[in-house]
Amino acid sequence: MFSSSDITLLKKLKKRTLLDIALTLPQSYKDTTLSKDIVDGRNLVAKVEVISARVVNFRLQIVLYLIEFNKRATAIFFKTTKYHKDLFKEGSKHIISGKASYFRGELQITQPKSIKSFGEITPIYKTVLKEIDIRALMKRYITYDNLYNTGLLGSEIDTILMLHNPKNITEIKDRSEYRAEIIQNLKSIEAYNHLAKFRKKRVYNKPINALKADLDIFLNELPFKLTKDQLSVIADIEVDLNSTIKAAKRLIIGDVGSGKTMVILAAAMIANRGKSILMAPTSLLANQLLEEAKKYLSKFLNIAFVSQKVTEGEYKDADFIIGTHALLYKDDLPKVSLVMVDEQHRFGANQRSKLDALVRDNDLSPHYLQFSATPIPRSQALIESELIDISTIKILPFKKKIDTQTIGKSDFKQLLKHIESEIKDRHQVLIVYPLVESSEEIPYTSLTDAITYWQGKFEGVYATHGKDKNKDEVLIEFRDSGNILLATTVIEVGISLPRLTTIVIVGAERFGLATLHQLRGRVGRYGIDSYCFLYTNYKEPPQRLKEFSKTLDGFKIAKLDLKYRSSGDLLDGTIQSGRSFNWLNLADDEDIIALAKDRVKLLTIN
Ligand code: ADP
Ligand code: MG
């Protein structure tokens, strides 16, 4: 619909769609309609006659008669030029525009301009384009018909037309009720535009194979019943993998401990002889997946394992290949019908693009399932699900019992007692420090400084951190024979530690809620009573920590996280794909996004 010269302008503006342009609003308006009244401090546009003009102290002083107000006013100029002297001759008539104010009861107009055309409200756009170009562009495209054709609703169209071309400046400035409606409409247009763009962006590939299997033998042999959510996600996947038209592209989100591995194994069962690959971000995690796969699947499938250090089984002939990113560097991988990635967001950008290449096989693609333990708020899921199908696992197989408390220095003795008694019960404790080495900026003990203290007090104290080369060995040793593990947030990607019942997070206010939630998820995974202590130096712990303490639900926490982030509480860098909007606020506008989503569904994509 755009002419090629306009497309060049749009590129400069970095805009693509008509609604992108519609949402490029004027920053202000030049109002040359005659004022109805004189308001102190506001711009005044009025018909005047110059009564007298003289220079006082090198300044031009002009007395004006405001014809329609039957009032006198003094015009003040900061700099007197010949131009002004010639323009405002005694007896001359003008339409002037300038700021009105009262000084010692006397009306003054500061730096008035004599304007030729009046009765107009001109929008002022602040963009990279010349004023004249952007205004012309708006005139050409921002029309009722164009907006209607994008699918906007009547009141949204009115809002856009009014903002680009107000008939009356008070429409925008003075009526606050009206203002709320305008903002509501802008939010809704922004959501609609964003979703429509995503919808058009999504591409579907043909699958290599349509896959189908009877899962009953597998399910019946499990030592437990799958949860309702696990079963419903598996049902989604069965439908996906059975398609002959679209290769699946699905993200499965479930909190730590929600039982995603069983879903992965069920998917491998569906792929069966069609072959599948499962990739994990660390060899520890990959090994854990291998162990579970062997336990539940070796009867049905031929399993192979590939990491940088080991290759187990003949991966070229296997039905199910499990491994780390080392898989991405094998040039003799067999063609598989299903690719799965666990904890996908922990892969580096490089590996991710290799992964994409792996699942994009010309026109034919393997089905692609990603698994993530990072819950996202519903508003974000509504948006992302335009690009990728999303399934969530909300209920956990074990009800988690984690008592969360914020504590400070005065509670330390109590904490030591608690740790002693947990160790007596053969439970384990994890203490997370904000730093490896101490720093002036962070008023907490560092991991390095803490080691001596804890080793002096307890047996079986281990320590590790992100850059520690022996991290995996330390973790395994701790799992088997440790009491206390001192660590940084590295433990986020960990192995499961069934005896771990207490986590202490030092300087908890320094971490984002998403990180705290991941950390807390390390304990209480098997239904044993567990504890999370948020240690802070703050006398009054921040509100978000208190709210965090009240819930274990990752999806609620994701929403809380948004709420506090958008209120300017940005403490660490674990930001979840933060798309920025001008009007929409992901924390508050879930309903608006949901409505826009329903409308976008009606769009036909060509
Ligand atoms: P996730 O990968 O989602 O963090 P896991 O798949 O590792 O979680 O599951 C956590 C634990 O729960 C594992 O020990 C697993 O065997 C167990 N588990 C999974 N599903 C169920 C279930 N439906 N009932 C009981 N235990 C389950
Ligand atoms: Mg997992």
Placed amide H near K99: partners under 5 Å, 5+ positions off or other chain
L44, T110
Whichever lysines have a C-alpha closer than 19 Å to that of K201, once near sequence neighbours (fewer than 8 apart) are set aside:
K11, K14, K15, K246, K249, K597, K601
Report, in cubic angstrom per residue, the convex hull volume of the C-alpha atoms of the chain.
223
Largest to smallest accessible area among Y178, Y144, Y535 [probe 1.4 Å]
Y144, Y178, Y535
Between N470 and I451, what is 0.36 nm times their sequence separation minus the Cα-Cα distance? Round to one decimal in nm.
5.2 nm
At 1.4 Å probe size, what's the solvent-accessible area of V436? Round to the nearest 10 Å².
50
Using a 10 Å cut-off on Cβ atoms, rank the peptides 585-591, 87-93 from the highest mean neighbour count down.
585-591, 87-93
Shape call for the range 255-327, from the Cα gyration tensor axes a ≥ b ≥ c (a/c under 1.5 means rounded, otherwise prolate when a/b beats b/c, else oblate), comes out oblate
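With a ≥ b ≥ c the root eigenvalues of the C-alpha gyration tensor of the range 402-551, is it rounded (a/c under 1.5), prolate (a/b larger than b/c) or oblate?
Working: a/c = 1.35, a/b = 1.16, b/c = 1.16.
Rounded is the answer for the range 402-551, as its axis ratio a/c remains below 1.5.
Over 18 Å, how big is the tail of the calculated P(r) for the range 362-420, in percent of all Cα pairs?
Counting every Cα pair in the range 362-420, those more than 18 Å apart make up 64 percent.
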Of 444-450, 236-242, 271-277, ordering from highest average Cβ density within 10 Å down gives 271-277, 236-242, 444-450
Heavy atoms of W454 accessible to a 1.4 Å probe, total area in Å² rounded to 10
10
Collect residues whose amide H, placed 1.01 Å from N in the peptide plane, falls under 5 Å from the amide H of I121; neighbours closer than 5 in sequence don't count.
T32
Ignoring ligands and nucleic acids, what accessible area does T392 show with a 1.4 Å probe (Å², nearest 10)?
50
Please give the charge dipole size of the range 402-551, origin at the Cα centre, charges +1 on K and R Cβ atoms and -1 on D and E Cβ atoms. Round to the nearest 20 debye.
340
Averaging sequence separations of C-alpha pairs under 8 Å and six or more residues apart, then dividing by the length of the chain, give the relative contact order as a whole percent.
12
Applying a 10 Å radius around every beta-carbon, put 35-43, 513-521 in order of their mean neighbour count, most first.
513-521, 35-43
What is the magnitude of the charge dipole of the range 367-420 about its Cα centre, with +1 placed on the Cβ of each Lys and Arg, -1 on the Cβ of each Asp and Glu, and no other charges, expressed in debye to the nearest 20?
420
In degrees, nearest 10, range 0 to 90: what is the angle between the Cα axis of helix 590-601 and the longest Cα principal axis of the chain?
90
Can you give the helix-only mean residue ellipticity at 222 nm for the chain, where every DSSP H stretch with n ≥ 4 adds -39500 (n - 2.57) and the sum goes over all residues, rounded to the nearest 500 deg cm²/dmol?
-11000 deg cm²/dmol
Loop GluC sites (Glu not before Pro), the range 114-209, which have at most 15 other Cβ atoms in a 10 Å radius of their Cβ (DSSP)
E120
Over the chain, what percent of the accessible surface lies on carbon and sulfur atoms, probe 1.4 Å?
50
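Just to confirm the filter: which GluC sites (Glu not before Pro) across the range 402-478 are DSSP coil and have at most 10 other Cβ within 10 angstrom of their Cβ? Mind dumping the intermediate values first?
Working: sites: E420, E422, E437, E440, E441, E459, E473, E477; in loops: E437, E440, E441, E459.
Counting only loop positions with at most 10 other Cβ atoms within 10 Å, the GluC sites (Glu not before Pro) in the range 402-478 are E437, E440, E441, E459.
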Per-residue ³J(HN,Hα) for the range 367-379, Karplus 6.51 cos²θ - 1.76 cosθ + 1.60, θ = phi - 60°, Hz, x for Gly and Pro
5, 10, 10, 10, 10, 9, 9, 10, x, 10, x, 4, 4
In Å², rounded to a whole number, the accessible area per residue of the range 44-125 with probe 1.4 Å is 60
What pairs in K400/K424; K99/K139; K212/K559; K200/K335; K457/K559 have C-alpha atoms more than 31 Å from each other?
K212/K559; K457/K559
For the range 178-230, with every protein chain kept in place, what is the accessible area per residue (1.4 Å probe, Å²)?
57
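If the only charges are +1 at each Lys and Arg Cβ and -1 at each Asp and Glu Cβ, what is the size of the charge dipole of the chain around the Cα centre, to the nearest 20 debye?
The calculated dipole for the chain is roughly 2440 debye.
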Global form of the range 216-373, assessed from the alpha-carbon gyration tensor, a/c cut-off 1.5
rounded
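The values are calculated or read from the model by the stated rules, or taken from the named source; none is laboratory data. As the structure is a prediction and not an experimental result, all values here were calculated from the model. Every residue, glycine as well, gets a Cβ built from its backbone with ideal geometry; the counts of neighbours run over all protein chains shown. The area values use the complete protein model at the heavy-atom level, side chains included, leaving out ligands, DNA and RNA. Shrake-Rupley method; radii C 1.70, N 1.55, O 1.52, S 1.80 Å.
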